[in-house]
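Notes follow once the structure below has been shown.
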Amino acid sequence: MIKVINLDKSFDGFKALSDLNLNVKKGSIYGLVGTNGAGKTTLIKHVTGILKPDRGEVLIEGSPVFESIPIKERIGYIPDDLYFFSSYNLKESAKFYRSIYPNWNQQRYEHMVKQFELNEKRKLSKFSKGMQKQAAFVLTMSSMPDYLILDEPIDGLDPIIRKLVWKYIVEDVAEREMTVLVSSHNLRELEGICDSIGILSRGKMMIERDLDELKSDIHKIQVAFKNPAGDPYQGLNVLHKESRGTVDLLIIRNRKDVVESVINKNHPVIFDMLPLSLEEIFIYELGGGDHEIESIIF
Amino acid sequence: MFQIDLKSRKSIYEQIVDNIKELIITGMLKAEDKLPSVRELSKTLTVNPNTIQKAYRELEHQGFLYTVSGLGTFVASPAELAADEKLIEEIKDRLRENIKELLFIGCSLDRIRKLLDELLEERSDWNDKGN
């Protein structure tokens, strides 16, 4: 279990994270999303024990992560900007990883190198960006982490490798109850894999919820009335409204049955209800005030 | 067993619930058949095991499946399916939409009634299990 409590962090007077809370359950795949500069990487660097909190706590299984070797041995971390020793090839890196991570699985490493078709003898610095990512993934997964922390992991990977990467991750979650924290801008991909979502904005956690619950709470509806009387949407939490001729398009934050009961009172001739994608939720929750964004998208 | 459509508006959780339900309703999965374990299904579909767990739990709640701890998850026999009023209401809504469409394309009420009777006739071999 990863728990961040009231975390504050400033850099040269700039408040990067403020009073931030995060809860990742054991065996869960948690997606961390947020606008550019929201503090995702800073938060991840706290969870991996690289940065020291100004205030607040960062705990894994109840103990502080910072400078804790027994916990760090069980964390696998792939940063956005990869780092390899400059003259090392994959084989040498694997040797280094093996000396650091007690749970290193040589058999898995050898299997993965074959499966990803990586040349063990070539210098890692000569690898392409995508291949370096693959190498980092092979090394990290072979260390059999209990906590896998990924910062923009699928950037620059082709669709076939992406699928393989997710397969490995899901398998370890299913088999060993590995806990995953993953940040990404690829919301569609996250939506397909995560069970919990945290939306970060300006150093604060805006929303942290079970993904399906989050989605069952916000709806897009298309509705038309023959004889609209008064305000047919009274009592609903309308986030956005747009009219196209006689058809209204609304984004409503209410439970499905509440929306249905209010709308059906006025006997609509058209009433379609669609769940929102994570991408749309993201835009409405974070870009709500920005009308320019809205008018481009809808 | 079935495929997950990532482009669908339906969530993966709903897709799993609906797919398994369909397999049971069409008889592809029969009463007492064993379902793949959460782990197995998660690996075959590359879907988060927590999502599958939740789908199984929902299907159990709706009476389609039952779990014996240590043995796995099985398909419940239809007799044990208590007609869920909410579910019936949902299906009724779908029928209402279909009837609206039939009326719109010029079907008379009598014709629709005949259609429904025909469809019910097709299912006359369905033995009513005490409901």
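The values are calculated or read from the model by the stated rules, or taken from the named source; none is laboratory data. Since the structure is predicted, the reported quantities are computational estimates derived from the model, not experimental observations. Cβ coordinates were reconstructed from backbone atoms using ideal geometry, including for glycine residues, and neighbour counts include every protein chain displayed.
Some values worked out for this structure:
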quantity: Scan of the stretch A:26-55 for residues that are surrounded by fewer than 16 Cβ atoms within 10 Å (Cβ to Cβ) and of a type in the set (D, E, K, R), ordered by number; calculated: A:26, A:52, A:54, A:55
quantity: Residues being closer than 21 Å to residue A:27 by Cβ and more than 11 Å from chain A (Cβ to nearest Cβ) - total across the stretch B:29-58; calculated: 4
quantity: Single match in A:176, A:122 (criterion: more than 13 Å from chain B (Cβ to nearest Cβ) and surrounded by fewer than 17 Cβ atoms within 10 Å (Cβ to Cβ)); calculated: A:122
quantity: First in the stretch A:35-47 and at negative phi, second anywhere and surrounded by 19 or more Cβ atoms within 10 Å (Cβ to Cβ) and small (Gly, Ala, Ser), Cβ under 6 Å, 6 or more apart; calculated: A:40/A:34; A:40/A:183; A:42/A:16
quantity: Residue in the stretch A:153-171 that is assigned to a helix (DSSP H, G or I), touching a Lys or Arg at 6+ places or on another chain (Cβ under 6 Å), hydrophobic (A, V, I, L, M, F, W, C) and facing chain B (nearest Cβ under 10 Å) present; calculated: no
quantity: Which numbered condition residue B:9 fails, given (1) part of a loop (DSSP other than H, G, I, E, B); (2) more than 9 Å from chain A (Cβ to nearest Cβ); (3) not aliphatic (A, V, I, L, M); calculated: (2)
quantity: Residue count for the stretch B:21-58, restricted to those that are more than 20 Å from residue A:180 (Cβ to Cβ), buried (at least 19 other Cβ atoms within 10 Å of the Cβ) and in contact with a helix residue (DSSP H, G or I) (Cβ under 6 Å, 6 or more places away or on another chain); calculated: 1
quantity: The stretch A:89-113 - residue that is within 13 Å of residue A:132 (Cα to Cα) and touching a residue at least 40 places away in the same chain (Cβ under 8 Å) and, of those, surrounded by the fewest Cβ atoms within 10 Å (Cβ to Cβ); calculated: A:93
quantity: Condition check for residue A:86: surrounded by fewer than 19 Cβ atoms within 10 Å (Cβ to Cβ) and hydroxyl-bearing (Ser, Thr, Tyr); calculated: yes
quantity: Residues satisfying the stated conditions in the stretch A:179-209, i.e. touching an Asp or Glu at 6+ places or on another chain (Cβ under 9 Å), modelled with pLDDT under 90 and within 10 Å of chain B (Cβ to nearest Cβ); calculated: A:188, A:191
quantity: Flag if residue A:39 is more than 14 Å from chain B (Cβ to nearest Cβ) and either more than 15 Å from residue A:205 (Cβ to Cβ) or in contact with a helix residue (DSSP H, G or I) (Cβ under 6 Å, 6 or more places away or on another chain) (or both); calculated: no
